[in-house]
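Comments concern the structure below.
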Amino acid sequence: MLAALDGARRLVTAADHAAQTLGLAPGLPLAQAQARVPDLHIEAADPVADLAALERLGLWAVRRYCPLVAVDPPDGLLLDIAGAAHLMGSEQVLAEDLVQRSRASGLSARVAIADTIGAAHGLARFMGWPVTIVPPGGTRAAVAPLPIAALRLDAALVDRLRRLGFDTIAELEATPRAPLALRFGALVGRRLDQAHGRLAEPFEPLTDPILIDARRAFAEPIAAAETITRYIGKLVTALVERLEAAGLGARRLDLVIHRVDGGLQAIRVGTAAPARDVRRLTRLLVDKIETIDPGFGIELMSLTASLTEPLGAQQVGTLGEPPVTDIAGLVDALGNRFGPDKLYRAVAVQSDLPERAVRHVSALAPPSGETWPQRWPRPSRLFAKPEPVETLALLPDQPPVQFTWRGVRRRVKRADGPERVFGEWWRRDAERAAVRDYFMVEDEAGERFWLFRSGDGEDPATGDLTWYLHGIFG
Amino acid sequence: MGQAQEIALADLRAQIARLEGRPHGSAQALPFAVSAVDRRLPHGGLALGGLHEVAGGSLGAVHGAAAALFTAGILARLQGPVLWCVRARDLFEPGLAAVGLHPDRVIYVEAGNDKNILLCLEESLRHGGLAGVVGEVSLLTMTASRRLQLAAEASGVTGFVIRRWRNPAAAADFGQPTAATTRWRVTALPSTPLPVAGVGRPRWFVELIRSRAGECADWELEACDAQGFVALPADLADGSLAPAAGRGRAVA
């Protein structure tokens, strides 16, 4: 439990879970708390160290999630994830990852994603569950049922409003604004507007002095796409010079754009391997230029290498050898457009089950050198979900005589099999007895299909004798 | 053909190549190592640095299993990395590895829709450094194919478009002209008969529907082996059996 001086009194400022179950909550005078529970463990609160720790956490979030992160003292972080969530997959994935990782390091975190800072702030603190995601445009409905304490007003003001019967934001929102402002000051109205996105809110992003960056301020605001492209090129050149001096290559670049009206925008691009090539990095950023809304003009652009890895000098080429074009640039460009998980290479896995025989790795992962055994025929197309077919077949180990797939009946002319595949009992209990018998069958026209029967045809525990079509041979 | 005629022909070819803006003699080709096929192709093989269209016949127009293997067999015989753009995940990599396309060489891109696949194809063709680029699309317009063909010519990367449609009826679209260098249709045929029960080496009916500066042709071939080579069926190689005559040619 933490305690601090507030005027002449000592108050409880934070209580852990055990203390809260004993009925001790922040705001309680310390003397009263000690009277209730005599053997309390009390530490002096240290707001300065708390803020420093929060900033450290914020910088971690910059490296991991998005370029624009601000601290929201005493206990919050604000992340501007616009344009950055796709690198993690989706907003949901990002939020869950944040909660998981905080939990792993002993912090309990609650995350809310909303259109406005005010809404996200309130939802994160007053919804009872770890992750809240408000779809775009759903802010009004989402914040309506929240208590007015979610509006970032000080405790005394909240208390006065509560005494007048205001409990939720919806009630406050429905009240005429003028009398409210007259009685409680302009703050209530401003917070309401900020939560609903009617009023812009300043956002002071954290910067990490360790990261390598380049920035450029403009005497005259710029807005044209060509001008922005030119200055991106200059920033990248400056950044690459510094990276070179430090012997580093960029894995991720953040371009932050400061608009004349105070708005901030960020573009984040990633590379699959550390890179220091001006042309390639410029292209990655210029590809995203259409996402920039310059508004009334841009007055400052800063480019930060938020993730770097050591990259030594490389020999460009030797005499007489044709230059080998590096495809890493292409992989990065496509990865930034479609998402890094949409670009992959296949690696062989030692498993007889076709679904598990393939694993996907990063497109630029070192070659494994392994391939699949060539003893058994494998189709060139495999259905993600085997499709049930109706068949006529003799038990226990004959291929079907005919089968009906997608409404077309096919007579089997030739067949090969069975290839028996056993369930992987070490993975799941349900697979302990499971058996599949695979057959390659050819119909009269010459189309070749991969069918399997679930079960060995004798023991009902191995499967229910349903037939499935799993793939098509060429 | 007389000597004078041949010289005149070579001269004309050089003139055409100059008009098309590529240096004469740069056209490289990958032979199929089946003389019956290579004889019918200009430069004695599949032109590298061009765009080729491959589609499946009958049900293959939908799943494109044979078309994918035919393409993979060609790529297996080239050196270097390959980019394969698909709409969704249904390729089975062990099947492609069985015709010699090693998994370490192939980068798959799930681009989601035709528009993105064409974008991805053009960008990778322009980039160079790849042995081949494959895209699976249903619609390929003249403009789109022209862009891809020019990109392939400029960089020397060979491009393949596997045409797949939602239903076999939509495959009539394959009759529309495109700027591709060649256009192939690969249809599964009953496999080579075995003296015992079982499925022998698969066979394909391979049609060359369009070939720039060449003629149409069709062959009955044995499917790609573990090195990616197609072969002439043994019972047809010595001419003891008449080859299947011009089946399904009317569509072109």
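The values are calculated or read from the model by the stated rules, or taken from the named source; none is laboratory data. This is a predicted model, so every value here is computed, not measured. Virtual Cβ from ideal backbone geometry, glycine too; neighbours counted across all protein chains shown. Please note that ligands, DNA and RNA were not included when accessible areas were found on the heavy atoms of the full protein model with its side chains. Shrake-Rupley method; radii C 1.70, N 1.55, O 1.52, S 1.80 Å.
Can you work out which of the residues in the range A:342-377 that are free of Cβ contacts under 8 Å to residues at least 60 places away in the same chain, more than 7 Å from chain B (Cβ to nearest Cβ) and farther than 19 Å from B:Val99 by Cα is most open to solvent (accessible area, probe 1.4 Å)?
A:Gln350
Just one of B:Asp104, B:Asp114, B:Asp90 is open to solvent by 10 Å² or more (accessible area, probe 1.4 Å), farther than 16 Å from A:Gly474 by Cα and at the interface with chain A (Cβ under 10 Å from one of its Cβ atoms); which is it?
Values: B:Asp114 fails: at the interface with chain A (Cβ under 10 Å from one of its Cβ atoms); B:Asp90 fails: farther than 16 Å from A:Gly474 by Cα.
Within the list B:Asp104, B:Asp114, B:Asp90, the selection yields B:Asp104.
Where the second residue is open to solvent by less than 10 Å² (accessible area, probe 1.4 Å) and the first is part of a loop (DSSP other than H, G, I, E, B) and lies in the range A:438-450, which pairs have Cβ atoms under 6 Å and are six or more apart or on separate chains?
Within 6 Å, no pair qualifies.
Just checking, does the range A:452-467 include any residue being at pLDDT below 90 and either within 14 Å of chain B (Cβ to nearest Cβ) or under 24 Å from B:Gly64 (Cα atoms) (or both)?
Here is the first cut: in the range A:452-467, the residues at pLDDT below 90 are A:455-465.
Then keep just the ones that are either within 14 Å of chain B (Cβ to nearest Cβ) or under 24 Å from B:Gly64 (Cα atoms) (or both); that gives none.
No, the range A:452-467 contains no residue that is at pLDDT below 90 and either within 14 Å of chain B (Cβ to nearest Cβ) or under 24 Å from B:Gly64 (Cα atoms) (or both).
Would a scan of the range A:153-176 turn up a residue that is open to solvent by less than 30 Å² (accessible area, probe 1.4 Å), assigned to a loop (DSSP other than H, G, I, E, B) and in contact with a helix residue (DSSP H, G or I) (Cβ under 7 Å, 6 or more places away or on another chain)?
Going through the range A:153-176, the residues open to solvent by less than 30 Å² (accessible area, probe 1.4 Å) turn out to be A:153, A:157-158, A:161, A:169, A:172.
Those still in the list that are assigned to a loop (DSSP other than H, G, I, E, B) too: A:153.
Pick out the ones that are also in contact with a helix residue (DSSP H, G or I) (Cβ under 7 Å, 6 or more places away or on another chain) and you get A:153.
Scanning the range A:153-176, I find at least one residue that is open to solvent by less than 30 Å² (accessible area, probe 1.4 Å), assigned to a loop (DSSP other than H, G, I, E, B) and in contact with a helix residue (DSSP H, G or I) (Cβ under 7 Å, 6 or more places away or on another chain), so the answer is yes.
Tally the residues that are open to solvent by less than 30 Å² (accessible area, probe 1.4 Å) and facing chain B (nearest Cβ under 10 Å), restricting the search to the range A:326-337. Explain how you work it out, then say what you get.
First pass over the range A:326-337, keeping only residues open to solvent by less than 30 Å² (accessible area, probe 1.4 Å): A:327-336.
Imposing the further condition that a residue be facing chain B (nearest Cβ under 10 Å) reduces the set to A:327-331, A:333-335.
Result for the range A:326-337: 8.
Hey, among B:Val161, B:Val99, which residue is away from every other protein chain (no Cβ under 14 Å) and at negative phi? So that I can check it myself, show each step before the final result.
Values: B:Val99 fails: away from every other protein chain (no Cβ under 14 Å).
After ruling out the rest, the residue left standing is B:Val161.
Quick one: which of B:Glu153, B:Glu136 is part of a strand (DSSP E or B) and more than 7 Å from chain A (Cβ to nearest Cβ)? If you could, list the steps in order and put the result at the bottom.
Numbers: B:Glu153 fails: part of a strand (DSSP E or B).
The match here is B:Glu136.
Taking B:Val133 and the conditions (1) under 19 Å from the mean Cα position of the chain (by Cα); (2) crowded, with 21+ Cβ neighbours inside 10 Å; (3) over 24 Å from B:Gly57 (Cα atoms), which numbered condition does it fall short on, given that it satisfies the others?
Failing condition for B:Val133: (3).
Out of everything in the range A:225-237 that is open to solvent by 40 Å² or more (accessible area, probe 1.4 Å) and free of Cβ contacts under 8 Å to residues at least 40 places away in the same chain, what residue ends up being farthest from A:Arg279 (Cα to Cα)?
A:Glu226
In this structure, does B:Ser124 turn out to be over 17 Å from the mean Cα position of the chain (by Cα) and in a helix (DSSP H, G or I)?
When the stated conditions are applied, B:Ser124 passes them.
Can you find a residue in the range B:119-128 that is under 17 Å from B:Ala66 (Cα atoms), more than 7 Å from every other protein chain (Cβ to nearest Cβ) and open to solvent by less than 10 Å² (accessible area, probe 1.4 Å)? If you could, list the steps in order and put the result at the bottom.
In the first step, residues of the range B:119-128 are kept if they are under 17 Å from B:Ala66 (Cα atoms); the result is none.
No, the conditions are met nowhere in the range B:119-128.
Where in the range A:24-132 are there strands (runs of 3 or more DSSP E), lying fully within it, with 1 or more residues that are among the hydroxyl-bearing types (Ser, Thr, Tyr) and at pLDDT 85 or above?
In the range A:24-132, there are no strands (runs of 3 or more DSSP E) which contain 1 or more residues that are among the hydroxyl-bearing types (Ser, Thr, Tyr) and at pLDDT 85 or above.
Taking the stated definitions as given, is B:Phe174 among the hydrophobic types (A, V, I, L, M, F, W, C), at pLDDT below 90, within 19 Å of the chain's Cα centre (by Cα) and open to solvent by less than 10 Å² (accessible area, probe 1.4 Å)? It would help to see each step written out before you state the result.
Details: among the hydrophobic types (A, V, I, L, M, F, W, C): yes; at pLDDT below 90: yes; within 19 Å of the chain's Cα centre (by Cα): yes; open to solvent by less than 10 Å² (accessible area, probe 1.4 Å): yes.
Criteria met by B:Phe174.
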